[in-house]
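Every read-out reported here was derived from the displayed coordinates using simple, explicitly stated rules and does not represent laboratory data. Small disclaimer: the values here were computed from a predicted structure and weren't measured. All Cβ positions, glycine included, derive from the backbone under ideal geometry; neighbour counts span all protein chains shown.
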Amino acid sequence: MKETAGTTATLERLRDARMTPGICYVCPWTCPTEVFTRNGEVVYVRGNTQASTKGSRCVKGEASHVLAKDDNRLKHPMRRVGPNEFERIGWDEALGLIAEKLTAIKAKWGPEAVAYLWHVDPNSVFAQIFLTECYGTPNYYGHTSACEQDRRLAALTVLGHVFPVHDYERSKFIMLLGINMLGANQNLYESRGLLAALAQGARLVVVDPAFTATAEKAHEWIPIAPGTDGALLLAMAHVIVQEKLYDEAFCRRWTHGFDELCAHLVERGYTPEWAEGITDVKAGTIRRLAREFAAARPAMIETFKGLGNYSNGLDASRMVYVLNALTGQIDGPGNLILKDWAPLQPPLSVPEERKSKPTRPPLHVAMGYPLAPDLPTQLLPEAILKGTPYPVKGLFFQCTNPVMSEPNTRLYRQALGELELSVAIDTYFSETAAECQFVLPEASFYERAEVRQSLAMPPEAILCVPALDPYHEARPVYEIVRGLAERMGYGDLFRWDSWEEWARRIVRDLPTDLDTMKQTGFWSGELKYNKFEQTGFATPSGKIELKSESFAKHGYNPLPEYRNRKVVPDTDYPFQLINTKFEMHCNLTTQSNPILLRIRGENWAELNTADATRLGIKDGDQMEIVSPTGRVVIKAKVRPGIRPGVVCVRHGHGFGHWQGIAKGRGTHINPILDTNVNPISGGIGYNECKVRIRRV
Amino acid sequence: MGKKGWLFDVNKCTGCHACEVACATWNQTGAVSWRTIAKIEAGSYPNVTTRNLSMPCLHCDNAPCMQSCPVAAISKAADGVVSVNQATCVGCMLCFWACPFGVPTFGAEGKMSKCTYCGDRPADLPRACEEVCPTKAIVSGDMEELESLAALQGGERVGGPAGPALFIIR
């Protein structure tokens, strides 16, 4: 059987085209690619066949060649002159004005009053170094609170790893809760590995109120009551403890708090019978799942964003890793992999005497979320409007659109209006850019260089070489930041003749060099298992923390417990609203791609056939959804594959003003969501919403 | 030369549309799509099943489109690939009605177009749809080769008088 085309294979159509290695940045999974260009145009892009994704691409990536010459992109810097009114300015003027404001804010409010937020982070390491080391603000943040904040904090505190990946292919038993591996944003080698595992006879159990693209492939779909996964997992652990199905030798050697956890589960009475009343999963099923999981080798249980959509998602996520640990299923073949990273170095260094030190703690700590792995962004509007915990006066938004993506969108829009400095750096205009004083056009992944970590199982570094000349006046972040640094007295540190100069510094510790990587596009190291046997775990105890010392230190219960989610349906609002994604769209970034728009141009809300029949709602009807916070109208999709009592919104559409051709198509659901912040992780509770529905 | 065809694994397809986009991009099909993706959910809660299908031209042995064409614009090459000569096509759509799988598409110019089996890709390279597929649900190749591949995985050739060149694993 033929293999996928090799890098050297020549297609007639590509004969005189130039190939440069690239990184697809249409979503945060950053797959390595090969970009073929001719006369300044992208003629073909394919997955890098030698890297770990082995040539395959996702639908979003495949459609992203449109970016290279999309007339809807931002072409030049702009300054806001009034509501929805912008005027074109030059780079020199824009950077000069921004630098002036940065200097003024620092003098008046302190450097901590400036923060930087990103959704995807191409080259934002330059902004990080400039803002955190030169300017002196600790407030450099991503978008995790809108994503896998609970999962990330659980992985950090239980396993001491920021981002476990998955050796699906070698696994025999896979249980997934609130993670739609095959439907939402895809880590491609993992999708392939999961399907390969199933072909080899692995058992897949999917726990989700919605029959997702992943549930389609499962042997067993468990449509659990929304936001009760923690009870199911605690009860599985209870069975494993009561029946001594754990790997005692592993637990004694490699875990911390084993005896306390066992006693805790029994004392609290976390039995399958207890969980049945909460989860609507039969006690017998829970018992069987626990036994199947404990008996299978190798096995894994995993989650991602889903559990964190509820206020009780953090302990549920912790229990995911506790269960893997109880059975000794960590970092071995077929397990969760505590990924090794490629030894990449910073592109530049700031001498100690040139560094500015903040005097205030980072915002997330000052807000009372010391363990939060990323900023609780839901609390940002309050910080801006009320000056608590301390004043926030300047914000950068790199390729992020919180005015659309956060619940309580009105409050966000209002807060942005109060800032002394607001800068959007993006390839496209957005609802957030519309509220910013400065809008700076960012180069796309066809026009910029980057070296970064891949999310493959082995340590892997991937390289993006600019394939095209700059698009109009768009600039990569490293050039934008250099412009600010030059105007603020740090130009000598941000100095290079070509991108290769800083790229060489990033790869200097790799057992390869930049010139080789410019041919191959990547460097991949050896995949090693059970690395903890040499290194231990990066937790306070050096072991897997079934009982978290980080939690204890901050006064939280160190042992995972069950609490009800915050918002529960009642007589007035009898449905639970939940969110899922489309496989052909990434968050808020792809909806105006004309190819993807043709495949899926609008979103909908799904409800169970029985509920729909009872309420006289037919497939395709317009349906009103009312929450205590607001009201929207959205198209109904009636299907058997959704738990009764649940309304499941496919989110990401309904742009009001700016997303080019996607404008006005579909429904933006966030205006009916209230502010909901996980009390420890600071993650956003997107599914903490009760609603009533009717046909309109 | 062996006859060309497809092997499609329903169990692997997730219905993601990547093949559709890859086909449209490589073949520059503009507003029409040469692959049709269907997600078919059946059953009643909680016993639900979904089947995903991704359908190109099946390059049938006894291509009904070819037999229906009044101006002989459709032909079948030695390697089994069915193609249309757009210069001859009059856009009458008889082929669309004849095709059991609804394959022929008609763009703004009114001429029939459909999967060319990526005619400009060498035989030892994957088709555009096959190359992109994240789960390797699509395999192209010689029918004899596909038959043995299908047999290994319990697949079978799709029947019917048209003789579609498709093995399916379900």
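Using the Karplus equation 6.51 cos²θ - 1.76 cosθ + 1.60 (θ = phi - 60°), what ³J(HN,Hα) coupling, rounded to whole Hz, does each residue of the range A:57-64 give in order, writing x for Gly and Pro?
Per-residue couplings from phi come out as 9, 9, 4, 5, x, 4, 8, 7 Hz.
Mind listing the phi-derived Karplus ³J(HN,Hα) values for the range A:537-552, rounded to whole Hz, using 6.51, -1.76 and 1.60 with θ = phi - 60°, and x for any glycine or proline?
10, 7, 10, x, 8, x, 10, 5, 9, 5, 10, 8, 6, 5, 5, 4
Where in chain A are the DSSP H helices whose C-alpha atoms run 24 Å or more along the long axis and whose mean Kyte hydropathy is at least -1.0?
Flagged H segments are A:91-109.
Just B:C16, B:C60, B:C115 to compare: in a GNM of chain B, with alpha carbon springs under 10 Å, which one fluctuates most?
Among B:C16, B:C60, B:C115, the largest mean-square fluctuation in the Gaussian network model of chain B belongs to B:C16.
Take the Cβ-Cβ distance between B:N62 and B:F96 as r, set R0 to 22 Å, and report the resulting FRET efficiency rounded to the nearest 0.05.
It comes to 0.80.
Filter the GluC sites (Glu not before Pro) in the range A:227-274 to those in DSSP coil with at most 16 other Cβ atoms within 10 Å of their Cβ, and list the result.
For GluC sites (Glu not before Pro) across the range A:227-274 that sit outside H, G, I, E and B with at most 16 neighbouring Cβ atoms in 10 Å, the list reads A:E243.
Under 5 Å between amide hydrogens, which residues at least 5 positions from A:H166 or on another chain qualify, with H placed 1.01 Å from N in the peptide plane?
Placed amide hydrogens put A:I337 under 5 Å from A:H166.
Past 31 Å, Cα to Cα: identify those pairs from A:K339/A:K581; A:K305/A:K528; A:K106/A:K339; A:K69/A:K690; A:K518/B:K12; A:K75/A:K635, in the order given.
A:K106/A:K339; A:K69/A:K690; A:K518/B:K12; A:K75/A:K635, as the Cα separations exceed 31 Å there.
Give the order of A:S124, A:S498 when sorted by the count of other beta carbons within 10 angstrom, beginning with the fewest.
Placing the least packed residue first, the sequence is A:S498, A:S124.
For the Cα atoms of chain B, what angle does the longest principal axis make with the long axis of helix B:143-152, in degrees from 0 to 90, nearest 10?
For helix B:143-152, the angle is close to 10 degrees.
List, in order, the whole-Hz ³J(HN,Hα) value for each residue of the range A:525-532 obtained from phi through the Karplus relation with A = 6.51, B = -1.76, C = 1.60 and θ = phi - 60°; use x for Gly and Pro.
x, 7, 7, 10, 9, 6, 5, 5
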